[in-house]
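Contents: one structure, followed by commentary.
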Amino acid sequence: METLFVALALILAGGIAGLCLARQFTFMKLVTIATTSVGCGIGLVFTLPRLLSGVAVPAVSYRWLHIFTLSFRVDSISLFFLLPIFLISPLALLYSFHYLGNREKKIRAGANYFFFAVLVAAMALVVMAADMITFLLAWEIMSLSSFFLVIYDYQKKATRQAGYLYFIFAQGGALFLFAACALIYSYSASFTFTGFVAIPDLVKLSAFLLVLCGCGSKAGVLPLHIWLPYAHPAAPSHVSAVMSGVMIKMGIYGIVRFYLALAPTSAVFGQITIVLGALSGILGVVYALGQHDIKRLLAYHSVENIGIILLGLGVGMLGVATGNKTMAAFGFAGGLLHVFNHSLFKSLLFMGAGALIQQTGTAMIDRLGGLLKKMPLTGSCFLVGSISISGMPPFNGFISEFLIYYGAFYGLSLPGISFIFSALVIISLAIIGGLAAACFSKVMGIVFLGEPRDASLSAASEAGGSMILTQFVLAGACLIIGVWPDYLVRAAFQASRAIPLIAEFEVAQFMPLMVNISRTAALFLFLLIMVTGFRKLLYAGKDCPQTGTWGCGFTQPTVRMQYTGTSYADSILDFFQPFVWIRKKYAGIGKIFPGSISYDTHAEDVFANGLSLIACSITSLLGRLHWIQHGNIQLYIAYIVMTIIVLLAFF
Amino acid sequence: MEAILSFCFAVLLAPLFPVVIQKVKAGIAGKQGPPWLINYYTVVKLLRKGSVYSTSTSFVFKLGPVVSLAASFLLLLFFPWAGRAPLCSFHGDVIMLFYIMGLGRFFTILAALDTASPFEGMGAAREAFFSVLAEATIFCILILFFRLTGSLSFAEFFVDTHFLNLMDTHGALLLLAVVGLYIVMLTENSRVPVDDPATHLELTMIHEVMILDHSGPDLALIEIGAWFKLLFYAAFLSCIVNPFQVDNIFLNGFLFYVVVVFVYITIGVVESCMARYKLEVVPKFILKASILVLFGIILTIGGL
């Protein structure tokens with residue numbers, strides 16, 4: 001355990017060095033990145049062997065402020081969540097070496113590194129916490145440090161608004177968590193994450209619902225996802241990568257941790273989680289399809305992937321409730337593995353988006369095009385990320401989705417109507433997979449393929465070395481896990497052994513399944529190479545002239561005729577009409593010789609609109625009470641005196 | 001050995017069967033139709049040629065045909081031809097195979113978008129949309145099959161068992177799956193009434209327009225991949241509807257392919273009697289399939 005604290009101290013030291021050395025820009029970046037990476041490396045070296053071997057780590061506790069005890073404990077679930085923290089954070093920092101290249105903002109970059117280190121340490125503390133006080137303390141530090149990371153470009157109004165929205169959601173979510181902890185404490189009289197067993201079932205359920213609201217607003221579960229599409233485009237890309245890849249998973253960790261502590265027996269917990277997961281998954285990807293800004297699109301994909309994770313956890317919970325071991329083990333392992341996989345490919349995609357925004361100066365999908373020729377390395381890595389996030393073999397996204405499918409299929413044999421929930425999981429996963437493929441073929445096809453839609457794009461070139469390197473590492477990891485999933489699947493199963501029912505589950509009997517998947521993936525790659533070789537042979541010695549694309553006889557093609565992302569997604573969005581509000585501004589062509597016409601369309605999130613409607617009506621209602629706030633200090637003192645008198649009279 | 005032989009047989013015959021459709025269509029129209037070996041001639045002709053590439057394209061364009069062919073080839077390796085054990089199989093392979101098919105489609109779509117042509121973009125968008133619905137239907141069918149048999153691989157579905165057969169106890173339920181699967185087959189293989197494989201240069205089509213810029217050997221790879229895919233779906237259907245169960249291996253294989261040809265004939269008949277649907281109607285048509293299968297799943301609630 002001390003090793004972990006040393007790692008965290010090194011990470012923090014790196015952050016403080018960033019703050020102190022900010023005047024020597026390059027030196028500061030080198031020192032910070034090196035120190036923090038060493039810290040994360042130590043953390044990884046500590047975590048990985050213990051996770052695979054299942055060795056228990058002794059718990060420690062410290063007194064704090066003479067009243068509270070801060071206690072730390074690392075079980076298999078915590079170890080599993082520590083992996084992405086210690087793996088993605090140093091990569092994101094390395095990426096920032098070339099990404100934060102502006103010397104004029106060196107003080108700000110220093111502050112950014114400081115808060116980044118604080119965020120990493122706080123996330124590690126969240127998963128290490130053994131009691132609710134420590135958990136909430138670390139949770140708040142995590143929320144605050146990430147808030148400062150989001151408002152990096154604080155001069156822009158949009159960034160400040162996004163930061164404010166994130167702040168509200170983070171703190172509002174924390175309130176729900178406080179409420180949940182208070183509710184649990186009032187029954188169990190203990191702050192530690194054990195001994196919740198004696199709590200009545202109904203209280204367990206309400207505590208779980210509060211946790212779902214609290215952690216869900218951090219994770220981006222559907223009605224509470226609204227901050228994500230604002231905060232991610234506003235934040236610098238290496239921050240988005242860590243926030244989307246790692247930080248929002250802390251919400252998932254919270255849900256798993258409280259679920260473990262509550263140890264419920266009812267099937268309702270799993271059913272609620274499945275319904276929320278299906279909702280987030282499907283609508284998240286539908287909203288993603290309607291976005292014009294690439295980082296907003298990726299933010300909505302985080303909502304989708306959180307949905308997939310919840311589907312997995314829901315299958316696991318349903319399995320635990322019904323005593324179906326296969327379902328429980330595969331559901332939890334799939335959900336947890338997707339946490340890790342998503343951290344890999346989502347940070348990869350955010351880094352790719354950051355590189356192309358840095359090079360082109362725009363994030364609008366419909367203004368880009370043909371970037372694969374200008375940025376071949378970034379483009380290829382983005383292609384790998386796109387396939388992985390669409391859950392297709394032979395990349396890592398498929399492995400976790402496969403585990404969830406497998407668990408859900410085994411849930412189909414449940415008696416009565418509980419199997420309907422399993423069927424819901426399978427059908428949702430299939431729809432999510434298809435829509436994600438549609439969405440990423442849109443991004444890849446419109447942004448990287450075809451012809452540039454804007455003349456300014458000709459200046460774009462490949463991004464800086466450290467940015468390319470990190471993307472390659474992540475893309476390589478996606479492929480390696482996709483073809484050799486053994487170790488990670490074992491780790492995910494090992495992690496889910498924290499659940500009593502799964503602890504008795506024999507994992508070894510399902511490992512041949514992983515071998516088969518890995519063989520099939522290898523077979524597919526082999527076939528791919530064979531067909532490529534065959535194709536090379538067919539083209540040997542033939543000359544292949546190049547010419548323009550066949551325009552079906554049209555002789556005046558322009559790049560503006562290309563299909564846009566908006567038109568690509570139009571028919572799918574139309575299909576999901578009641579859940580997406582499509583706002584179109586188009587006057588139509590009136591005259592025989594039409595003048596300039598404009599066409600403007602936005603796909604709007606029903607939930608964001610609904611919530612803002614509720615918020616507006618509440619503020620206007622409260623605005624009626626504005627006369628209480630008159631600015632007259634004597635009257636304020638009178639309020640205080642009156643309150644005291646009333647309180648004294650009643651208590 | 002037997003598995004290898006039956007696999008090779010399927011691969012070699014795959015280009016022959018689509019001619020059945022053309023012959024049926026020609027017959028109904030009172031024409032003679034192309035020669036039986038037309039597809040083999042086409043492949044040889046295309047393989048001899050070179051290609052013309054668009055200046056807009058990148059390496060992804062060349063990857064498209066390769067990935068889609070490799071995906072459909074892999075699918076054939078896992079399929080139990082005429083109820084004989086396939087070359088490869090494992091519990092859960094159906095999930096992986098349909099996802100690999102998705103990868104093939106993903107690259108076909110990317111290759112289409114790579115040409116910067118508005119027509120191909122249009123086709124790509126439609127393909128992406130309709131395949132979402134088709135994939136959901138396929139997984140509904142897999143749910144129904146799992147409820148009936150507890151199996152998750154083609155081998156478990158069909159090798160040495162006739163449980164998933166119209167003639168068996170759950171034939172009535174399977175009828176719903178057959179209709180659903182038939183609609184998926186028409187969708188995934190871009191046949192009438194979802195798509196029209198006969199028109200090359202109209203805005204009404206999906207798959208044909210996506211491969212407009214491919215030529216020479218690249219086009220041949222795409223065509224071969226498409227024949228494999230169609231053969232897979234036809235064989236999948238045949239396994240369910242096949243009424244003949246004989247002990248003799250050769251006779252059994254022969255009767256299996258007779259049923260496969262029958263499926264191709266029905267496609268030809270469908271194409272001769274109806275036009276393709278308007279594009280707004282197509283999603284409803286595919287949804288009909290998933291609703292039917294979902295109904296089948298609901299019918300299993302009462303116990304089997």
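Say we look at the stretch A:376-417 and pick out the residues that are farther than 23 Å from A:W484 by Cβ and among the hydroxyl-bearing types (S, T, Y); which of these is surrounded by the most Cβ atoms within 10 Å (Cβ to Cβ)? By that ranking, first place goes to A:T378.
Flag: A:I141 does not match the condition of being in a helix (DSSP H, G or I), surrounded by fewer than 18 Cβ atoms within 10 Å (Cβ to Cβ), at pLDDT below 90 and not aromatic (F, W, Y). Applying the condition of being outside any helix (DSSP H, G or I) and in contact (Cβ under 8 Å) with a residue 12 or more places away in the chain to the stretch B:238-260 and asking which residue is nearest to the chain's Cα centre (by Cα) yields B:N242. For beta carbons closer than 7 Å, sequence separation of 6+ or different chains, a first residue in the stretch A:4-22 that is in contact (Cβ under 8 Å) with a residue 12 or more places away in the chain and closer than 15 Å to A:K106 by Cβ and a second that is surrounded by fewer than 21 Cβ atoms within 10 Å (Cβ to Cβ) and charged (D, E, K, R), the qualifying pairs are A:A22/A:K106.
Considering the conditions (1) buried (at least 24 other Cβ atoms within 10 Å of the Cβ); (2) in contact with a His (Cβ under 8 Å, 6 or more places away or on another chain), B:E120 is excluded by exactly one of them, (2).
Tell me which residues, restricted to the stretch A:209-221, are surrounded by fewer than 24 Cβ atoms within 10 Å (Cβ to Cβ) and touching a Leu at 6+ places or on another chain (Cβ under 9 Å).
Across the stretch A:209-221, the qualifying residues are A:L210, A:C213.
Summed over the stretch A:510-548, the residues that are under 30 Å from A:F80 (Cβ atoms), in contact with a Phe, Trp or Tyr (Cβ under 6 Å, 6 or more places away or on another chain) and either within 10 Å of another protein chain (Cβ to nearest Cβ) or surrounded by fewer than 12 Cβ atoms within 10 Å (Cβ to Cβ) (or both) give a count of 1.
Scanning the stretch A:571-605 for residues that are without any contact (Cβ under 8 Å) to a residue 24 or more places away in the chain and either within 14 Å of chain B (Cβ to nearest Cβ) or of a type in the set (V, I, T) (or both) returns A:S571, A:D574, A:F575, A:Q577, A:I589, A:I592, A:I597. Of the residues B:G102, B:G83, the single one that is under 27 Å from B:I249 (Cα atoms), of a type in the set (G, A, S) and touching a residue at least 24 places away in the same chain (Cβ under 8 Å) is B:G83. The sole residue among B:L176, B:L144 that is at pLDDT 90 or above, surrounded by 24 or more Cβ atoms within 10 Å (Cβ to Cβ) and not in a loop (DSSP other than H, G, I, E, B) is B:L144. Scanning the stretch B:91-147 for residues being more than 7 Å from chain A (Cβ to nearest Cβ), more than 19 Å from B:V66 (Cβ to Cβ) and of a type in the set (S, T, N, Q) gives a total of 1. Considering (1) buried (at least 16 other Cβ atoms within 10 Å of the Cβ); (2) at pLDDT below 85; (3) more than 9 Å from every other protein chain (Cβ to nearest Cβ), the lone condition that A:P557 does not fulfil carries the number (3). I'd like the residue in the stretch B:33-44 that is part of a loop (DSSP other than H, G, I, E, B) and not hydrophobic (A, V, I, L, M, F, W, C) and, out of all such residues, is farthest from the other protein chains (Cβ to nearest Cβ). Across the stretch B:33-44, the extreme among qualifying residues is B:G33.
Taking (1) at pLDDT 85 or above; (2) under 30 Å from B:Y53 (Cα atoms); (3) part of a loop (DSSP other than H, G, I, E, B) in turn, B:E223 satisfies each apart from (3). Go through the stretch A:36-50 and give me each residue that's buried (at least 21 other Cβ atoms within 10 Å of the Cβ) and over 15 Å from A:A491 (Cβ atoms). Within the stretch A:36-50, A:T36, A:G39, A:C40, A:G43 qualify. When A:I468, A:I502, A:I417 are screened for being of a type in the set (A, V, I, L, M, F, W, C) and modelled with pLDDT of 90 or more, only A:I468 passes.
Looking at the stretch A:495-509, is at least one residue out of contact with any His (no Cβ under 6 Å at 6 or more places or on another chain), more than 28 Å from B:T55 (Cβ to Cβ), assigned to a helix (DSSP H, G or I) and within 13 Å of chain B (Cβ to nearest Cβ)? There is at least one residue in the stretch A:495-509 that is out of contact with any His (no Cβ under 6 Å at 6 or more places or on another chain), more than 28 Å from B:T55 (Cβ to Cβ), assigned to a helix (DSSP H, G or I) and within 13 Å of chain B (Cβ to nearest Cβ). Inspect the stretch A:270-285 for any residue being in a helix (DSSP H, G or I) and farther than 30 Å from A:D574 by Cα and give the result as yes or no. Yes: one or more hits.
Based on what the data block shows, is A:Y187 without any contact (Cβ under 8 Å) to a residue 60 or more places away in the chain, surrounded by fewer than 23 Cβ atoms within 10 Å (Cβ to Cβ) and in a helix (DSSP H, G or I)? Considered against the rule, which asks whether it is without any contact (Cβ under 8 Å) to a residue 60 or more places away in the chain, surrounded by fewer than 23 Cβ atoms within 10 Å (Cβ to Cβ) and in a helix (DSSP H, G or I), A:Y187 comes out as yes. You will find that of B:L47, B:L16, B:L63, the residue that is touching a Leu at 6+ places or on another chain (Cβ under 7 Å) and either free of Cβ contacts under 8 Å to residues at least 60 places away in the same chain or closer than 26 Å to B:S117 by Cα (or both) is B:L47 and no other. Can you confirm whether B:S131 is closer than 26 Å to A:G482 by Cα, assigned to a loop (DSSP other than H, G, I, E, B) and not charged (D, E, K, R)? Taking the combined requirement at face value, the residue does not satisfy it. For the stretch B:45-66, which positions are within 11 Å of B:A111 (Cα to Cα), in a helix (DSSP H, G or I) and more than 7 Å from every other protein chain (Cβ to nearest Cβ)? Answer for the stretch B:45-66, where residues must be within 11 Å of B:A111 (Cα to Cα), in a helix (DSSP H, G or I) and more than 7 Å from every other protein chain (Cβ to nearest Cβ): B:F59, B:F61, B:K62, B:L63, B:G64, B:P65. Selection over the stretch A:560-618 of residues that are farther than 27 Å from B:V281 by Cα and either touching a Lys or Arg at 6+ places or on another chain (Cβ under 6 Å) or buried (at least 16 other Cβ atoms within 10 Å of the Cβ) (or both) gives a count of 2.
The values are calculated or read from the model by the stated rules, or taken from the named source; none is laboratory data. Everything numeric here is computed off the predicted structure, so don't read it as measured data. No Cβ is skipped: glycine too gets one built from the backbone with ideal geometry, and neighbour counts run over all protein chains shown.
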